[in-house]
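Encoded as structure tokens, the structure appears first; notes follow it.
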Amino acid sequence: MSHATKTRFLEIGSPFPLRDGGTLPQVRIAYETWGELNAEKSNAILVCHALSGSHHAAGRNASIEGVGQLWQEEMHAGWWDDMIGPGKAIDTKKHFVICANYLGGCYGSTGPGSVNPETGRHWGSSFPAVTATDQVNALALLLDELGIGALHAIVGPSVGGLVALSITTRLPERVRNVIAIASGFKTTVLNRLILFEQILAIENDPHFNGGDYYEGEAPTYGLALARMISHKTFVHLNSIERRARKDVVQPDDVLAWYKVRDQFQSYMLHQGKKFVQRFDANTYLRIIDLWSRFDATLEGDAETPAALFQRSRAANQRWLVFSIDSDFCFYPEEQAELVKHLERAKVDCMHITVHSEKGHDSFLLEPNLYTPHIAWMLERGAQ
């Protein structure tokens with residue numbers, strides 16, 4: 001049975017400036033840690049979570065201060081519990097592991113659902129846009145607080161890989177080894193269009209109210225639709241066909257207005273219904289905006305990809321990049337582009353393509369496909 005973990009908080013009491021303008025008067029970052037930091041402080045690994053993930057990556061955590069009903073029972077088990085722990089791929093007997101909820105999040109970090117100390121009301125629509133650079137700056141302050149100068153490794157699956165890439169290139173001297181899983185270098189036009197559909201779904205919900213819905217009914221219809229739009233890119237279509245029940249289940253609360261016609265509609269509505277119970281629509285909008293606009297070169301304030309990755313070369317970083325051959329979210333071509341730029345900059349890089357029938361979510365569902373490679377990389381990086 002997984003051990004119990006507890007969320008801790010970094011309180012940043014001074015103004016926190018944002019890349020796109022504006023300043024947050026104060027910031028709270030929720031995070032958890034596993035394992036022990038060694039005397040040299042050289043065994044730290046930072047894990048960056050995906051779009052709708054949290055800082056609770058391993059163990060069990062039944063409640064988080066200030067999160068309330070969004071912390072559903074399905075969240076109590078860490079989202080990467082099969083990968084982080086004693087004797088696992090990211091071995092907590094050897095490493096000190098950190099995962100933080102992103103700025104703009106809804107699981108304890110300052111976000112749109114937080115109270116603005118200057119007004120006494122929820123931030124809502126007034127919460128500014130956040131970028132990968134803003135996440136870098138917040139996470140750098142967390143590492144400073146923990147007394148960690150340089151990370152042994154950073155690991156980022158999916159959208160977490162975009163944040164990891166930004167940390168790695170903006171602060172190259174603070175990262176030795178990089179593991180990017182099913183992520184990218186620059187958001188594709190296709191993904192930007194899919195994310196735009198999700199934005200429209202949420203913002204056209206009659207309860208969205210421009211983002212100021214915390215005193216009333218949440219935009220559950222729009223958020224559920226956004227999740228359904230995205231879900232078909234996370235899971236391979238063959239898996240959806242296998243998972244869909246043969247019987248048709250008509251929703252009786254959220255989304256009850258829609259008359260379900262087949263088992264596939266029933267399955268997708270169920271996914272939407274589950275998601276709206278555990279996530280905030282404004283947070284979803286902030287993180288997919290970060291994703292939609294992501295370009296590693298621009299985010300790193302570099303003129304070219306070559307200039308960007310010369311920083312990694314100069315810092316003697318080692319990279320391990322995973323592709324998933326059935327991924328419809330971050331297509332393998334996206335990792336190929338990243339690897340191309342790394343190789344041109346002569347960065348030490350290994351690229352592994354995982355064969356899976358589970359699509360993008362393979363990194364969550366099939367730890368055995370990643371464990372030996374990640375464990376090897378972390379051991380190699382320690383030499």
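FYI, it's all coordinate maths here, none of it is from the lab. Computed from a predicted structure; not experimentally measured. Neighbour counts are summed over all protein chains in view; Cβ atoms, including those assigned to glycine, are modelled from backbone coordinates with ideal geometry.
Odds and ends about this structure:
- Alpha-carbon centroid distance for the pair the range 174-202 / the range 68-119, whole angstrom: 20
- The range 1-99: Rg to Rh, with Rh as the Kirkwood radius over Cα pairs: 1.02
- Residues whose placed amide H lies under 5 Å from that of Val354, excluding near-sequence neighbours: Ser323, Ile324, Asp325
- Each other residue within a Cβ distance under 9 Å of Asn43 adds +1 if Lys or Arg and -1 if Asp or Glu, for a net charge of 0.
- For the range 355-372, 3J(HN,Hα) per residue [Karplus equation, 6.51 cos²θ - 1.76 cosθ + 1.60, θ = phi - 60°, Hz, x = Gly/Pro]: 8, 8, 9, 9, x, 4, 6, 3, 5, 8, 9, 10, x, 4, 6, 10, 3, x
- Spin-label zone in the range 176-192 - amide nitrogen under 18 Å from a point set 7 Å from the Cα of Lys340 along the C-beta vector: 182-191
- Amide H contacts of Leu24 (H built 1.01 Å from N, under 5 Å, at least 5 apart or other chain): Phe16, Leu18
- Sequence of Val189, Val339 once ranked by neighbouring C-beta atoms within 10 Å, starting from the fewest: Val189, Val339
- For Thr92, the residues whose modelled amide H falls within less than 5 Å of its own, excluding neighbours fewer than 5 places apart on the same chain, are Gly85, Gly87.
- ³J(HN,Hα), Karplus 6.51/-1.76/1.60, whole Hz, each residue of the range 7-19, x for Gly, Pro: 6, 10, 9, 9, 9, 9, x, 9, x, 10, x, 10, 4
- Read-out P(r) over Cα pairs in 20 Å bins from 0, in percent, derived from the coordinates shown; its label in [x] 25, 49, 21, 5, 0; [y] 29, 61, 11, 0; [z] 26, 59, 15: [y]
- Contact order for the chain, expressed relative to its length and based on alpha carbon pairs under 8 Å spaced 6+ residues apart, stands at 18 percent.
- Within a straight-line Cα-Cα reach of under 20 Å, Lys93 can be paired with the following lysines, leaving aside sequence neighbours fewer than 8 residues apart in one chain: Lys6, Lys41.
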